[in-house]
Amino acid sequence: RVEVNGIKNGKKVMYSYDLLDQYDSKRKVSAMARTTAYTTSAVAQLLAKRLVEDDGVIPPEKLGMNPKLFAIIRGEMSKRGIKIEHRLA
């Protein structure tokens, strides 16, 4: 779970993101490998498609702050059976 607090449009908000994954017994891939490698693959695809506009070393947190990129990453994860639940808390 990741919880993010801040101010949006002058009001206090908190977003919560939950991710729970399990071992893939069919492919014999651990949840840790799935959630790290598949995310890395999604980001590599963004770079290959030149959708990341920044140059140099970019912290993953910065990519996640871009709504368009974050939506693409979440979509790629979802295609692989990894669901990230999002809610305004």
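What to note about this one:
- Output for segment 19-44, where each listed residue is within 13 Å of M77 (Cβ to Cβ) and open to solvent by less than 60 Å² (accessible area, probe 1.4 Å): D21, A31, R34, T35, A37, Y38, T39, S41, A42, V43
- Tally of residues being within 13 Å of the chain's Cα centre (by Cα) and either of a type in the set (A, V, I, L, M, F, W, C) or surrounded by 14 or more Cβ atoms within 10 Å (Cβ to Cβ) (or both) across segment 45-64: 3
- Subset of segment 1-57 [within 17 Å of A71 (Cα to Cα), in a helix (DSSP H, G or I) and touching a strand residue (DSSP E or B) at 6+ places or on another chain (Cβ under 8 Å)]: T35
- Close pairs from segment 28-41: first of a type in the set (D, E, K, R), partner in a helix (DSSP H, G or I) and open to solvent by 50 Å² or more (accessible area, probe 1.4 Å), Cβ under 9 Å, at least 6 apart: none
- Inter-residue pairs, beta-carbon under 6 Å, first outside any helix (DSSP H, G or I) and in segment 65-89, second of a type in the set (D, E), 6+ apart: I82/D21; E85/D18
So that you can scan it fast, the table gives a plain yes or no per residue for (1) over 25 Å from V4 (Cα atoms); (2) out of contact with any helix residue (DSSP H, G or I) (no Cβ under 7 Å at 6 or more places or on another chain); (3) among the polar types (S, T, N, Q):
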position: A31; (1), (2), (3): no, yes, no
position: R34; (1), (2), (3): no, yes, no
position: A48; (1), (2), (3): yes, yes, no
position: V52; (1), (2), (3): no, no, no
position: K62; (1), (2), (3): no, yes, no
position: M65; (1), (2), (3): no, yes, no
position: G75; (1), (2), (3): no, yes, no
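The values are calculated or read from the model by the stated rules, or taken from the named source; none is laboratory data. This structure is a prediction, so every number in the text was calculated from the model and none was measured. We place every Cβ from the backbone using ideal geometry, glycine too, and count neighbours over all the protein chains shown. Surface accessibility is based on the protein's heavy atoms, side chains included, excluding ligands, DNA and RNA. Shrake-Rupley method; radii C 1.70, N 1.55, O 1.52, S 1.80 Å.
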